1. What's the exposure ranking of 177, 246, 98, going from fewest to most Cβ atoms within 10 Å?
2. Between rounded, prolate and oblate, where does region 107-157 land on the alpha carbon gyration tensor, with a ≥ b ≥ c its root eigenvalues, rounded for a/c under 1.5, else prolate if a/b exceeds b/c?
3. Put a dot 7 Å past each Cα toward the Cβ at residue 92 and residue 135; how far apart are the dots in nm?
4. Give the separation of the Cα centroids, region 55-95 to region 385-430, in Å.
5. Based only on other Cβ atoms within 10 Å, what is the fewest-to-most ordering of 398, 345, 185?
6. Please work out whether region 313-432 counts as rounded, prolate or oblate from its C-alpha gyration tensor, where a ≥ b ≥ c are the square roots of the eigenvalues and a/c under 1.5 means rounded, while otherwise a/b larger than b/c means prolate and anything else oblate?
7. If R0 is 41 Å, what FRET efficiency do you get for residue 119 and residue 305 from their C-beta distance, rounded to 0.05?
8. With a cut-off of 8 Å between alpha carbons and a minimum separation of six or more residues, what is the relative contact order of region 278-394 in percent?
């Protein structure tokens, strides 16, 4: 059978490269395959306006977080609110659920968007829309927002990846070059998997295998000069560059003192937020940290309280830590979900899917602190003040704060034009 790079799908190429590297070089590259491939091309010009933020930490509440029990409580409607009380915050007139006492102390540096809406009420489709600004289609895979950030902002540190995903969630490069896909970190406590030389190799043997692999690839790369083939050829060099760099320490949170681990909380999400701070310090552009468990069709109030204990501790620590290190001003922290949950409480003491209204939280770089945008009806069902903000509008707002060119067009393999936030418009009410 005559195979060419055009007849092997993307996953097949990634698996081939990873397995070849493992067998020949004694190092596993699967976590980085198709995700960490840099080139020397200069980053696209961000645009005429200066960037308010250089980094994004995106906290993805996977499973649809209840807005009523977190950032959008309705204290005057106990039938809807249930047993959860509201509390004052450090921002005048802004209230949160009692489940978020630590976050409440940082609202003077933060903004709420209460009128988020989406057209999708199923988890996978809604998450896809939130991450890409586009509806899921069978004929094309769109880049996730972190991939757009990587493409349009370029690297600050050329050794370390620009786009990192911690704890699951979407991170594919779609039709953009594979180098812009997210580097996945499954367990933040374990660091970057397969990033050290195999124990049975010494430096000389490892170098000899690299040389042999380059010789074996000469004819292949000369015959197939496609962009993706060139990119995968550079994977070895970039992986070795990172392996031998001090930047690899950025992924090792064991270097943090015990007090810092305790501050963030020892859960995977808390430690993921700690890792995110370390990556910002090492100039990573975009880090997503996911926290599931929000699909509360039953036992909503207990589940949300437990989830918030984890999230509130980590978020409060992250905001304080970034501020104390002088990083909050250049780091945009975003927390949101794929949709909200029903105002009505079902027979299992739960809340069901509700795409017609939910919330987004933003803090840090370029955000107008102490802001609460929009309002909903007394049941938290629908926006009543302020315009409905769609996923693409939220992404356009983030892109604007990063100084990205909103109208820059990238083309899919079929020649169709796409932009970073589709037709989204920045929400200037939450921008300083």
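Read-outs throughout are calculated quantities, based only on the coordinates presented, and are distinct from any laboratory measurement. Fair warning: this is a prediction, and the values are worked out from it, not measured in the lab. Cβ atoms come from the backbone with ideal geometry, glycine included; neighbour counts cover every protein chain shown.
1. Lowest to highest Cβ neighbour count: 246, 98, 177.
2. Oblate.
3. Inter-label distance under the simple model: 4.5 nm.
4. Taking the Cα centre of each part, region 55-95 and region 385-430 sit 26 Å apart.
5. 345, 185, 398
6. Since a/c reaches 1.5 but b/c is at least a/b, the shape of region 313-432 is classed as oblate.
7. 0.85
8. 22
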